[in-house]
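First up is the structure itself, then whatever we jot down about it.
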Amino acid sequence: MVKKRLEADLKRAIEKLGFTGTDIVLSISPNSSFGDYTTNIALQLAKREHAENKQTALEVANKILNNLGDLSYLEKAEVAGGGFINFFLSDQILLDNLKEAGNISPLEHAPKVLIEYGHANILKEVHLGHLRTFILGESLARIIHSLGSEVFRANYQGDIGLHVAKAVWGMKKMGLPSREMNLEEKAEYLGRAYVLGSSDYEIDPGFKKQIDKINADLYEKNSELQDLYELGRGWSIDYFELIYRLLGIKYDRCFFESEVYEQGRRAVLDNIGAIFERSDGAVIFPGEKYGLHNLVFLNSAGYPTYEAKDMGLAELEYKTFPYDKSIHVVGSEQEGYFRVVFKAMQLLYPYLGGRKYHLSYGMVDLKEGKMSSRTGEIVSVDDLIKVVGEKVREIMKESRLEVNQEVVRQVAIGAIKFAYLKFAPASNIVFDLEKSVSLQGDSGPYLQYTFARTQSVLEKAGVKSREVGKEESLEEEERVLLRRLEYFDEVVRQAGVEYRPNSVAEYLLNLAKDYNLFYQKYRIIQSEKEELRLTVTDAVGRVMQKGLDLLGISAPERM
RNA sequence: GCGCCUGUAGCUCAAUGGAUAGAGCACUUGUCUUCGGAACAAGCGACUGAGUGUUCGACUCACUCCAGGCGCACCA
C-alpha cells in the first residue's frame, strides 16, 4: 500500500522540521488535478505556529516538500491551493500494485467483535424495516471480519412477552387452518394472529385481562395454550431460517428472550437498592440520577421487561463470546433506550464498560406512510422479493437470456441489499416499492453486470499469463482505473472503522463507472495493449467480487 | 414540556472542517451496431431550511429560529 509509505515519509519530514505530536491526515484527492493523495498538514501546522515563528502555510508546505527526500514512487509532489501538498503517484507503482488489487490489509489491533443484528420477533411478519438490520448487520460483519477481526454473529429474538401472548390469543381465536400451509403462509397467518391480538388488547378491557393472563401463564410455562405457543414458535423459527438462507446470513448463535429472562430478573432483584429501585409496585432503574430517564425493569406483576431481559442477555453473550466490542444494530428509535440500558449494564457488569455500541440506523418508511406490524400495514419481505424478481425476469427475457432461477434470485437479492446499503446508516429511507429497488444506474445489478462483463471478457480472451510490461504509457481512463483500484483497501478500512458499508457501496459504483467508460472507449482483446487491459480487467473483476462479497451480494459470472 | 436525530437539484440520496457541493432517477439530445445496451456521452437542474457567529477555509462546528421525525414508566 503506497499510502503507508507516503505517510511514513511525510512524518519523517515533519519531524525533521521540528514539529511533534501531529496527526497526519493524508486523504484521497478530490480530483486528479490535485494528485492521488493530498494533505492539509501545512495548513494545520501554520495555524499552530503562528504566534512566534510566523510562517505561512505556503512556507511550511514548501519546507516539508524540500525535506521529503527522494521519493521514487512519486511522479511528483507539489504545493497548491494556498498550502495543500498534492502527491502524484508514478504510473509504474500503480501498475506494480495491480497484482495486489483486492487485498485488504488487516488492522494492527483488530478487536474481537460480537455483532447483534436481526432482532425480528417471532410471530410477527418480517417487513421492509427489519430488512435493514439484517442487511446492514451482515455487511458490517463481513467488512469487520475482512479487517482481521474475529466476528461473532448473534441474533436476539423475542419469543416470550406480551406480543407473543397477543399472537397466541389471535391464533386461538382464529383457529388453525385445516389445510397444510407452506412456511410463507404460516408466517402470514401468524402475522394476522398478532394483528388480531393487538387490536383486541386495545379495544376490550376484558380481552386485555385475558391476554395478560396468557402472558403470565406462558412465563410460568403452565398455560393451557402452551402447545399452541410451541407450534407457532416452531413455525416462526423455521420461517426465519428461510429468511436467513435467502439473505445469506449464517448466525453463530440465535439468543432468545425465553432463555435469558430468568437470569435478567434475578440480576435485577439481587441489586434492588444498589442499582435498581422499587417504584409504584414495579422495579425501575433510576436513570434520572444519571441525567437519563427512568425505565421499568420488572413490571408490577414481577415479570421482566425487555430491559431486564437485556441484562440477562448481556451476561450470556459475553460468556458465550468474550468480546472487545459488541455492536447492536438497532433502529434510531431505540437510542434513548440504549443510553439507559447501557448505563444500567455498566453498573451491573463493570467489565462491559465501554464495550457496548449501538449502531443506530434510520427509519424505513413507505412512500405511502409508515409501516406497522401491529396494524398489519406492511410490505413483507416475500412481497418485495416477488416484485423485484419479476422485474429481473422481464429484463432477462427482453435481452433473450436464458432465465436461470438461481441467477434471478441472486440479482433480485443483490438489488434489494444494495438499495439499503447505499445509504448511510443514520439516514432515514423513504421506500418506494416500484422505484427504490433499481436494476439500473446506481444499483446492485449494475455492479453485478459490470463484474459479469469483466468475466466475459476474460473468458473470451482465454487464460493467459498476464504480465504487465514496464513503461506502459497509460490512457487517461486507464490511469483513473488504476488509481481507483489502489484506493480499495483504505475505503474498506474506513468503512469498517466507522461502521459505514455505504462507503464500500459508493466506491464500487465509481469503480464500475470507471470500468464501463474505459470499456466503452477502448478495445481490449486484440488491441496493442491487450496484456495491460486484460490485467486491469482481471483486477477490476477481483475487486468487484470482493467488494460485493463485503456487501453480502453475490456476483454471478453471467446474468 | 424535556432530550436526541434530520433538513443538500423536481424525486431518492452522497460529500474525515478543505480546493469548482457529487451521483442515480426523471426530462432533453446523442453514442452504438467485432470484447455483454442491466452500457456510454452531453445537456438541464442547488445562494446546502433561515439567520448570526467561530475559522485562512463551514453542508460539516457553536448559538437562535422555522419545518419534519423519534424517544421520554410497567410494550418489544
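Relative contact order for segment A:60-132: what is it in percent, counting Cα pairs under 8 Å that are at least 6 residues apart?
19 percent
For residue A:474 and residue A:99 in one chain, what is 0.36 nm times their gap in residues minus the Cα-Cα distance, to one decimal in nm?
Additional length available on full extension: 133.3 nm.
Roughly how many nanometres apart are two label points built 7 Å out from the Cα toward the Cβ at residue A:332 and residue A:32?
3.7 nm
Mind pulling the angle between the C-alpha long axis of helix A:128-146 and the longest principal axis of chain A? Nearest 10 degrees, somewhere in 0 to 90.
For A:128-146 against chain A, the angle is about 50 degrees.
When only Cα pairs under 8 Å and 6 or more residues apart are kept, what is the percent relative contact order across chain A?
Result for chain A is 16 percent.
Please report A:522, A:449, A:361 as a ranked list, fewest other C-beta atoms within 10 angstrom at the top and most at the bottom.
If I rank by nearby Cβ atoms, fewest first, I get A:522, A:449, A:361.
Please give the charge dipole size of segment A:113-366, origin at the Cα centre, charges +1 on K and R Cβ atoms and -1 on D and E Cβ atoms. Round to the nearest 20 debye.
About 340 debye.
Exposure proxy check: A:323, A:318, A:499, A:37 ranked by fewest other beta carbons within 10 Å?
Ranking A:323, A:318, A:499, A:37 by Cβ neighbours within 10 Å, fewest first, gives A:318, A:499, A:323, A:37.
Using 0.36 nm times the number of residues separating residue A:428 and residue A:185, minus their current alpha carbon distance, what extension gain do you get?
84.4 nm
Roughly speaking, what is the centre-to-centre gap between segment A:211-255 and segment A:150-198 when only Cα atoms are used, to the nearest Å?
7 Å
Under a Cβ-only charge scheme (Lys and Arg +1, Asp and Glu -1), can you give me the dipole magnitude of chain A about the Cα centre, in debye to the nearest 20?
In debye, rounded to 20, chain A gives about 200.
Would you please give the FRET efficiency between residue A:494 and residue A:558, computed as 1/(1 + (r/R0)^6) with r the Cβ-Cβ distance and R0 = 35 Å, to the nearest 0.05?
After rounding, the FRET efficiency stands at 0.60.
For the Cα atoms of chain A, what angle does the longest principal axis make with the long axis of helix A:476-498, in degrees from 0 to 90, nearest 10?
Taking the Cα atoms of chain A, the angle to A:476-498 is about 40 degrees.
What whole-number distance in Å separates the alpha-carbon centres of segment A:68-110 and segment A:1-40?
9 Å
Expressed as a fraction of 2.2 N^0.38 Å, the rule-of-thumb size for a compact globular protein of N residues, what is the C-alpha radius of gyration of chain A?
1.15
If packing is taken as the average count of other Cβ atoms within 10 Å, what order do A:543-551, A:217-225, A:431-439 fall into, highest mean first?
Order by mean packing, descending: A:543-551, A:431-439, A:217-225.
State, as an integer percentage, the relative contact order of segment A:393-522 based on alpha-carbon contacts under 8 Å between residues 6 or more apart.
28 percent
If eta is 1.002 mPa s and T is 20 °C, what Stokes-Einstein diffusion coefficient results for segment A:381-551, Kirkwood Rh from Cα pairs, in µm²/s?
Answer from the Stokes-Einstein relation: 124 µm²/s.
Say R0 is 51 Å: what FRET efficiency, to the nearest 0.05, do residue A:395 and residue A:324 get from their beta-carbon distance?
With a Förster radius of 51 Å, E is 0.70.
From the phi of every residue in segment A:326-340, what ³J(HN,Hα) in whole Hz does the Karplus formula 6.51 cos²θ - 1.76 cosθ + 1.60 yield, where θ is phi - 60° and glycine or proline is x?
3J(HN,Hα) across segment A:326-340, in whole Hz: 10, 10, 9, 8, 9, x, 5, 5, 9, 4, x, 4, 5, 4, 6.
Arranged by the count of other C-beta atoms within 10 angstrom, fewest first, what order do A:190, A:58, A:534 take?
A:58, A:534, A:190
Can you tell me the convex hull volume per residue for segment A:113-366, based on C-alpha atoms, in Å³ to the nearest whole number?
140 Å³
Assign unit charges at the C-beta atoms only (+1 for Lys and Arg, -1 for Asp and Glu), then state the dipole size of segment A:91-150 relative to its Cα centre in Debye, rounded to the nearest 20.
Taking the Cα centre of segment A:91-150 as origin, the dipole is about 300 debye.
Using 0.36 nm per residue of separation minus the Cα-Cα distance, give me the extension gain between residue A:23 and residue A:59 in nm, one decimal.
Length gained, residue A:23 through residue A:59: 11.0 nm.
Rounding to the nearest 10 and keeping the result within 0 to 90°, find how far the Cα-based axis of helix A:2-16 lies from the longest principal axis of chain A.
Between the helix axis and the principal axis of chain A, the angle is about 70 degrees.
Give, as a single signed number, the net charge of other residues whose beta carbon lies under 13 Å from the beta carbon of residue A:260, with Lys and Arg counted +1 and Asp and Glu -1.
Residues close to residue A:260 contribute a combined charge of -4.
Could you pull the Rg and Dmax for segment A:357-479, using just the Cα atoms, both in Å?
Using the Cα atoms of segment A:357-479, the pair Rg, Dmax is 19.7, 67 Å.
My understanding is that a pair violates if its Cα-Cα distance is over 20 Å; which of A:513/A:546; A:173/A:209; A:124/A:209; A:4/A:47; A:460/A:521; A:250/A:343 do that in this structure?
Those over the limit are A:124/A:209; A:4/A:47; A:250/A:343.
Among A:279-286, A:301-308, A:193-200, how do they line up from the highest to the lowest mean number of other beta-carbon atoms within 10 Å?
A:193-200, A:301-308, A:279-286
Projecting each Cα onto the charge dipole of chain A (Lys/Arg +1, Asp/Glu -1 at the beta carbon, about the Cα centre), which of A:110, A:182, A:551 comes out farthest on the positive side?
Result: A:110, furthest along the dipole toward the positive end.
Taking +1 at the Cβ of each Lys and Arg and -1 at the Cβ of each Asp and Glu, which of A:505, A:536, A:396 sits farthest along the dipole of segment A:381-551 towards its positive end, judged by Cα position relative to the Cα centre?
Highest projection toward the positive end goes to A:396.
Which residue, chosen from A:32, A:495, A:214, occupies the Cα position most advanced towards the positive end of the dipole of chain A, where the dipole is computed from +1 (Lys, Arg) and -1 (Asp, Glu) charges on Cβ about the Cα centre?
A:32
Throughout, read-outs are computed from the coordinates displayed, never taken from laboratory work. None of the values given here were measured: they were computed from a predicted structure. Cβ coordinates were reconstructed from backbone atoms using ideal geometry, including for glycine residues, and neighbour counts include every protein chain displayed.
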